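Undergrad: My questions will all concern the structure given below.
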Amino acid sequence: MFDEESLANSLNVVSDSDDDACDSEELASLFTGQFELQAQTRVSKNNAYILHLCGATKLSSRVAVGLSDYSCEVYDVNSVANVATIFGHGKDLSGLRFSPKNDNLLYTCSMDGTVKLWDLRTDLTSCKTEFKDGTYGATGAPKPLTSFDVAPDDRFVCAGSQLVDGDAFLLFWDARSSKLLGGYWESHSEDVTQVCFHPLKQTTMATGSTDKLINIFDISASCEDDALLHTLNTESSVAKITWLGGEDSLSCITHTEDVQLWKTDGERPEVQFSRETVTKCLQRTSVDNCYLIDVHWKETSGQVMLLAGSLSRKGQCLRSLEVTNEKLKPMCQFLNNKEVVRTSWYLQNDERVITGGEAGYLNVWKQRQASNGHENNLPSKSSSMKMPSKFKQHKEFSKPYRLCS
């Protein structure tokens with residue numbers, strides 16, 4: 001593992017200079033909101049990075065933390081107390097999800113080719129259920145799983161894979177029995193980077209890939225060709241996608257640090273902001289140092305919030321931007337951030353932001369409010385392509401794959 005000095009050197013982080021485009025007073029006039037650090041704990045005991053965060057759906061104070069040493073920690077963010085520690089995988093974690101129906105159940109996904117379900121009320125030396133693919137490629141190894149999600153009714157688990165023997169797989173399991181139902185492998189031509197079920201539509205799912213495509217599926221259809229409803233060409237490798245509320249809209253962050261907002265049936269993004277535009281809006285001067293973390297949908301206000309930072313000064317700069325009337329605007333500063341943030345989670349119930357990053361800190365942020373209830377303004381010390389594909393039954397399966405029959 002890297003110590004902080006070697007990490008800074010490996011990232012070419014500027015540690016002795018800042019690249020803000022304006023002074024602190026000007027920043028305060030532009031970023032009229034401020035997030036203050038409400039709680040902090042160092043999760044990592046061995047310099048591991050925090051790579052994944054996931055909040056519980058009902059108990060908003062519970063959050064799962066995925067680390068680069070393959071372990072998972074569960075914390076209560078109100079007390080900043082450890083709830084559980086899981087060592088259940090032999091390779092990198094690729095995602096975490098709490099059960100949509102039970103906050104005591106946590107799914108973990110890994111490049112070791114498995115998705116595991118853990119009951120946090122029991123002994124965690126073994127998982128409650130394991131989801132895996134019993135078929136192997138030419139290497140004889142399980143398919144590395146790069147992303148996954150759980151349907152909002154907790155009926156199905158879907159995981160995406162790296163490219164294996166020329167195919168990138170989307171594998172489906174019955175969440176209740178762990179039975180592998182089958183898969184799709186015609187719709188993406190490179191590694192799957194994202195699998196995201198729609199938060200309200202039980203059988204609608206979006207996937208993203210390094211092949212530059214976002215695919216929208218209705219998994220109730222009888223075959224892959226019929227299930228594929230829309231294909232969005234982002235013209236760049238897809239890093240993260242997020243559904244925006246209960247509508248047919250989603251965001252995309254690319255590996256070139258651009259952000260796009262799409263309608264699922266759109267021929268091109270409704271809104272697109274380049275890395276240069278994000279840097280300018282962040283009030284930074286170094287485009288190469290600026291990076292995107294995530295897009296969050298704020299239910300109470302209907303806002304699209306973009307979280308971004310800079311590698312300068314060991315990643316201390318952390319700010320949020322908002323999309324308003326198809327324009328990107330400064331929103332909030334995060335005071336006293338100490339690390340390059342790699343992942344974030346937005347708690348809808350009380351509008352807190354949870355962040356984690358390369359120094360191993362779990363941070364809980366709360367937006368400062370003025371006494372009158374308003375935000376405090378004072379500073380503080382492609383074209384759409386239908387991809388033809390022929391449904392194939394998953395290799396070594398004797399029954400046709402069909403969901404929701």
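The values are calculated or read from the model by the stated rules, or taken from the named source; none is laboratory data. Just so we're clear, the structure is a prediction, and the values are computed from it rather than from any experiment. Positions of Cβ are generated from backbone atoms using ideal geometry, with glycine treated the same way; all protein chains shown enter the neighbour counts.
Undergrad: Does any residue in the range 269-282 that is under 25 Å from residue 248 (Cα atoms) and aromatic (Phe, Trp, Tyr) come within less than 8 Å, Cβ to Cβ, of a residue that is at pLDDT 95 or above and not in a strand (DSSP E or B) six or more places away or on a different chain, and which pairs are these?
TA: Close Cβ pairs (under 8 Å, with a partner that is at pLDDT 95 or above and not in a strand (DSSP E or B)) amount to 273/258; 273/281.
Undergrad: Go through (1) part of a loop (DSSP other than H, G, I, E, B); (2) closer than 27 Å to residue 85 by Cβ; (3) in contact with a Leu (Cβ under 7 Å, 6 or more places away or on another chain) and name the single condition residue 173 misses.
TA: Failed condition: (1).
Undergrad: Examine the range 195-212 for a residue that is at pLDDT 95 or above, part of a loop (DSSP other than H, G, I, E, B), closer than 30 Å to residue 56 by Cβ and touching a Ser or Thr at 6+ places or on another chain (Cβ under 8 Å), and state whether such a residue exists.
TA: Start the filter on the range 195-212 by keeping residues that are at pLDDT 95 or above, which leaves 195-198, 203-212.
Pick out the ones that are also part of a loop (DSSP other than H, G, I, E, B) and you get 198, 203, 210-212.
Then keep just the ones that are closer than 30 Å to residue 56 by Cβ; that gives 198, 203.
Then drop every residue that is not touching a Ser or Thr at 6+ places or on another chain (Cβ under 8 Å), which leaves 198, 203.
The answer is yes, given that some residue of the range 195-212 is at pLDDT 95 or above, part of a loop (DSSP other than H, G, I, E, B), closer than 30 Å to residue 56 by Cβ and touching a Ser or Thr at 6+ places or on another chain (Cβ under 8 Å).
Undergrad: In the list 186, 247, which residue meets the criterion of being in a loop (DSSP other than H, G, I, E, B), of a type in the set (Asp, Glu) and closer than 18 Å to residue 265 by Cβ?
TA: After ruling out the rest, the residue left standing is 247.
Undergrad: Continuing with the same structure: Hey, residue 288 hits all of (1) in contact with a strand residue (DSSP E or B) (Cβ under 9 Å, 6 or more places away or on another chain); (2) modelled with pLDDT of 95 or more but one; which does it fall short on?
TA: Every listed condition holds for residue 288 apart from (1).
Undergrad: When the residues of the range 318-354 are narrowed to those that are touching a Lys or Arg at 6+ places or on another chain (Cβ under 6 Å) and of a type in the set (D, E, K, R), which ends up nearest to residue 75 (Cα to Cα)?
TA: Within the range 318-354, the match that is nearest to residue 75 (Cα to Cα) is 352.
Undergrad: Can you give me the ranges of the strands (runs of 3 or more DSSP E) entirely in the range 84-153 with at least 1 residues that are touching a strand residue (DSSP E or B) at 6+ places or on another chain (Cβ under 9 Å) and farther than 27 Å from residue 342 by Cβ?
TA: The qualifying strands (runs of 3 or more DSSP E) are 114-119, 129-132.
Undergrad: Between a residue in the range 220-242 that is at pLDDT 95 or above and any residue that is among the hydrophobic types (A, V, I, L, M, F, W, C) and surrounded by fewer than 17 Cβ atoms within 10 Å (Cβ to Cβ), which pairs come within a Cβ distance under 6 Å, given they are 6 or more apart or on different chains?
TA: As it stands, the answer is 220/404; 231/385; 231/387, since those pairs meet every condition given.
Undergrad: Which residues, counting only those in the range 112-131, are crowded, with 16+ Cβ neighbours inside 10 Å and either within 14 Å of residue 89 (Cβ to Cβ) or in contact with a His (Cβ under 7 Å, 6 or more places away or on another chain) (or both)?
TA: Of everything in the range 112-131, those that are crowded, with 16+ Cβ neighbours inside 10 Å and either within 14 Å of residue 89 (Cβ to Cβ) or in contact with a His (Cβ under 7 Å, 6 or more places away or on another chain) (or both) turn out to be 112, 113, 114, 115, 116, 117, 118, 124, 127, 131.
Let's see how each residue does on (1) farther than 30 Å from residue 170 by Cα; (2) among the aliphatic types (A, V, I, L, M); (3) out of contact with any Lys or Arg (no Cβ under 6 Å at 6 or more places or on another chain); (4) modelled with pLDDT of 95 or more:
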| position | (1), (2), (3), (4) |
| --- | --- |
| 46 | yes, no, yes, no |
| 53 | no, yes, yes, yes |
| 69 | no, no, yes, yes |
| 74 | no, yes, yes, yes |
| 77 | yes, yes, yes, no |
| 108 | no, no, no, yes |
| 114 | no, no, no, yes |
| 117 | no, yes, no, yes |
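Undergrad: Follow-up question, since we're still on this one. Just a yes or no: is a residue in the range 87-96 aromatic (Phe, Trp, Tyr) and surrounded by 16 or more Cβ atoms within 10 Å (Cβ to Cβ)?
TA: No, the conditions are met nowhere in the range 87-96.
Undergrad: Identify, please: which residue in the range 199-212 is of a type outside the set (Val, Ile, Thr) and surrounded by fewer than 22 Cβ atoms within 10 Å (Cβ to Cβ) and is, among those, nearest to the chain's Cα centre (by Cα)?
TA: Out of the qualifying residues, it is 199.
Undergrad: Contact list please: Cβ distance under 9 Å, first residue in the range 194-213 and within 16 Å of residue 232 (Cα to Cα) and charged (D, E, K, R), second residue surrounded by fewer than 20 Cβ atoms within 10 Å (Cβ to Cβ) and at pLDDT below 95, pairs at least six apart or on different chains.
TA: Close Cβ pairs (under 9 Å, with a partner that is surrounded by fewer than 20 Cβ atoms within 10 Å (Cβ to Cβ) and at pLDDT below 95) amount to 212/382.
Undergrad: Going by the conditions given, is residue 302 surrounded by 15 or more Cβ atoms within 10 Å (Cβ to Cβ), modelled with pLDDT of 85 or more and more than 30 Å from residue 171 (Cα to Cα)? I'd like the intermediate steps shown before the answer.
TA: Details: surrounded by 15 or more Cβ atoms within 10 Å (Cβ to Cβ): no; modelled with pLDDT of 85 or more: yes; more than 30 Å from residue 171 (Cα to Cα): yes.
Here the answer is no, as residue 302 does not meet what is asked.
Undergrad: Can you tell me which residues in the range 268-312 are part of a loop (DSSP other than H, G, I, E, B) and closer than 20 Å to residue 214 by Cβ?
TA: Applying the first criterion (part of a loop (DSSP other than H, G, I, E, B)) to the range 268-312 yields 268-270, 274, 282-283, 285-289, 299-302, 311.
Of everything in the range 268-312, those that are part of a loop (DSSP other than H, G, I, E, B) and closer than 20 Å to residue 214 by Cβ turn out to be 268, 269, 270, 274.
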